[in-house]
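For reference, the structure is listed below as structure tokens.
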Amino acid sequence: MPLVVQKYGGTSVGDASRIRNVARRVAERKRSGDRVVVIVSAMGRTTDDLIRLSREVSDQHHPRELDMLLTAGERISMALLAMAIRDEGVEAMSLTGSQAGILTDTSHGQAKIRDIKAFRVEEGLEAGKVVIVAGFQGVSPDTHEITTLGRGGSDATAVAMAAALHADVCEIYTDVDGVFTADPRIVPGARKIDEITFEEMLEYASAGARVLMGRSVEFGMRFNVPIHVRSSFHDEPGTWVKEATMEQPIVSGVAHDTSTAKVTVRGVPDTPGVAASLFTPLAVEGVMVDMIVQNVSSEGATDISFTVPLELLDVARPIAEATARAIGAAGLDVDDQVGRVSIVGSGMRAHPGVAATMFSVLADAGINIAMISTSPIRVSCVIAASQVDEAVRRLHDAFITAEQVVAP
Ligand code: ADP
Ligand code: ASP
Ligand code: MG
């Protein structure tokens, strides 16, 4: 009997009628003969609302309690969906991440799944039930504490659970028809991509295409779980994320991310060990640093700039300030009004002009580039946050609509 893991995002379970709609779809799939495991997100903007509420109550950082709070969002959805599926005449049972055996490391707010002991899920399936699992959460076997997996983490729960159960497919149901060539909310003419490789999707997700969380793509890649991203509102096929695809466009898509901040440590002595003394404490505190640029000036001092996720700026800033003082730097600048635009495509490997074309497109639009980073299949530029939407549209016009104009 085929086994499918389905994940429904926040909008798809946003209110009672949408939950009943999901229940009908799940029940239909179960009646067609498949075994079904469902992963749910919190309803609508519940996670954002809970974060806001916690800030109204306290301006301190309480990682353990925040995780306790946020996991409540997914618990609400899982219980309501179980009720609605049972009303459809299909047996269903909900489990928290911890009950479902999702074991993580100890890092609150951005825990990584270490293992899945899915025997309660398997028992439920054997009893002929639909098993519903709360997304985005797990438990640390070391501390016995409840953890969350980071924003968008239900995608990771879904693909990891699909891998653990050797499911035939992991279906990610969302509020768009699939993965598009750019965020369809910014580029109305963006096209749905029929299939994309794990490698491209991983770059695309890390560049900000939040339709799939990057970590979920890593699981898909590692355990070769085919992922089908599709709409929860109709039955049309969406986007298949898989090992290899027939086509290798030069640029598959344009991604953007406005949740980035840029930190510059000015006038750093140009001596060995300085970069290590800055980035080691950041790493210890779990701050993921993205781009790093170092400019050596003629006076023997350097400026080191780097980007961090905006949500980690409050953690990164005091560390950078303390290090700047300790190493005798001239000062520290923080810019939280920046964003990142990226182009991604596996065909880029064989086409050297792609980055140059990207810079020309941005220059023609009068957009200044503050930082650049590349991988073999991605080019990213940090620009002013206010210019991100315009940059995405211009790049989409040049590379996707006009079918990849690449400088010689
Ligand atoms: P869910 O709650 O279902 O997990 P998300 O909000 O996390 O949904 O992800 C879906 C959203 O991702 C879409 O509504 C869309 O605005 C945004 N998005 C950004 N980039 C892309 C892209 N390249 N293709 C599709 N959607 C994208
Ligand atoms: N509810 C969590 C979030 O909003 C997890 C998810 O939806 O995937 O980030
Ligand atoms: Mg999501």
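The values are calculated or read from the model by the stated rules, or taken from the named source; none is laboratory data. As the structure is a computational prediction, the values presented were derived from the model and not from experiment. Note: ideal-geometry Cβ built from the backbone for every residue, glycine included; neighbour counts use all protein chains shown.
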> Which condition number does V217 fail, the rest of (1) more than 16 Å from ligand 2 (Cβ to nearest atom); (2) buried (at least 23 other Cβ atoms within 10 Å of the Cβ); (3) not hydroxyl-bearing (S, T, Y) being met?
Replying inline: (1)
> What do you reckon, is G89 away from ligand 1 (no atom under 16 Å from the Cβ), in contact with a helix residue (DSSP H, G or I) (Cβ under 9 Å, 6 or more places away or on another chain) and over 23 Å from V22 (Cα atoms)?
Replying inline: no
> Pick from V308, V293, V289: which is closer than 16 Å to S277 by Cβ and either surrounded by fewer than 14 Cβ atoms within 10 Å (Cβ to Cβ) or in contact with a strand residue (DSSP E or B) (Cβ under 6 Å, 6 or more places away or on another chain) (or both)?
Replying inline: V289
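Yes or no, residue by residue, for (1) at pLDDT below 95; (2) surrounded by 23 or more Cβ atoms within 10 Å (Cβ to Cβ); (3) part of a loop (DSSP other than H, G, I, E, B):
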{"residue": "P184", "(1), (2), (3)": "no, no, yes"}
{"residue": "Y204", "(1), (2), (3)": "no, yes, no"}
{"residue": "R210", "(1), (2), (3)": "yes, no, yes"}
{"residue": "M221", "(1), (2), (3)": "no, no, no"}
> Does at least one position in segment 225-240 carry a residue that is over 27 Å from A162 (Cα atoms), of a type in the set (A, V, I, L, M), touching a strand residue (DSSP E or B) at 6+ places or on another chain (Cβ under 9 Å) and not in a strand (DSSP E or B)?
Replying inline: no
> Within segment 243-261, which residues are away from ligand 2 (no atom under 16 Å from the Cβ), under 21 Å from R215 (Cβ atoms), buried (at least 18 other Cβ atoms within 10 Å of the Cβ) and not polar (S, T, N, Q)?
Replying inline: G253, A255, H256
> For segment 34-65, what are the residues that are in a helix (DSSP H, G or I) and in contact (Cβ under 8 Å) with a residue 60 or more places away in the chain?
Replying inline: T47, R64
> Of all residues in segment 135-182 being assigned to a strand (DSSP E or B) and within 16 Å of ligand 3 (Cβ to nearest atom), which is nearest to R222 (Cα to Cα)?
Replying inline: C170
> Restricting attention to segment 102-115, which residues are closer than 18 Å to F223 by Cα and surrounded by 20 or more Cβ atoms within 10 Å (Cβ to Cβ)?
Replying inline: I102, T104, I113
>> Show me the strands (runs of 3 or more DSSP E) found entirely inside segment 311-408 where at least 3 residues are modelled with pLDDT of 95 or more.
In response: 331-344, 378-384
> If a residue has to be within 15 Å of the chain's Cα centre (by Cα) and either more than 10 Å from ligand 1 (Cβ to nearest atom) or surrounded by fewer than 19 Cβ atoms within 10 Å (Cβ to Cβ) (or both) to count, how many in segment 159-182 make the cut?
Replying inline: 2
>> Here is a list: S154, S140. Which entry is hydroxyl-bearing (S, T, Y) and within 15 Å of ligand 1 (Cβ to nearest atom)?
In response: S154
> Among I132, I76, which is the only one that is of a type in the set (A, V, I, L, M), more than 16 Å from ligand 3 (Cβ to nearest atom) and buried (at least 19 other Cβ atoms within 10 Å of the Cβ)?
Replying inline: I132
